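Data block below; observations after.
Read the figures in this text as sums done on the coordinates, not as results from a lab. All values reported here derive from a predicted model rather than from experimental measurement. Here Cβ is always computed from backbone atoms with ideal geometry, including for glycine, and neighbour counts include all displayed protein chains.
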Amino acid sequence: ARSHHKQFAQATDFLGWSLATDGARTIVGAAREGSVDDPAGASNPAPSSGAAYVYRNVGTTLVYEGFLKAPNPQGTVGAEDGDVFGWAVAIAGDVAVVAAPFEDGGLADDLGDESVTDAGAVYVFRRVDGATGPSWEFAQYLKSPAPTPRGYFGWAVATDGEVIAVGAYNESARDGAG
């Protein structure tokens, strides 16, 4: 592991837009970061797709542990211009939650469904210990049970590591949602 500072940061990355810690780890959102999969890359082929960085807290130092992107950053659900993955973040133990409230999509089990404009989505990642050290792997894609246009599911997120709470800024109120 190494200490990490965003290389080639651009003012439009919004590094630090969101931030959460559980005491052992810190997650930092960069809601307008535009790379496809390289945090140090100078190319930004997916403007405002967003990213998140995970750090392990060691004393007063943050040690870089992972770079998170939506699992399909080539312009389908999760990384289109304006999805702003990293708008809201949460972390608890080995679970990291990253929201993209401007993501287009309808069905929770279909990463390719872009039928509802700005419905929003939440991505769950799990920390896995591997032979070369820890890594963060995509685990789950969460959508509103009834996505609405400009519902912004993922406006806010929280987790205790087992339960995930998601806010939807503009979703129609029904059954306690909204």
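The table for this structure:
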| item | result |
| --- | --- |
| Length released on extending from ALA108 to ALA146, taking residue separation times 0.36 nm less the Cα-Cα span | 12.7 nm |
| Over segment 94-174, equivalent-ellipsoid semi-axes from the Cα gyration tensor in Å | 26, 14, 9 |
| Distance in nm between pseudo-label sites at THR21 and ASP160 (7 Å out along the Cβ direction from Cα) | 2.2 |
| R0 of 45 Å, Cβ-Cβ distance ASN57-THR117: FRET efficiency to nearest 0.05 | 0.75 |
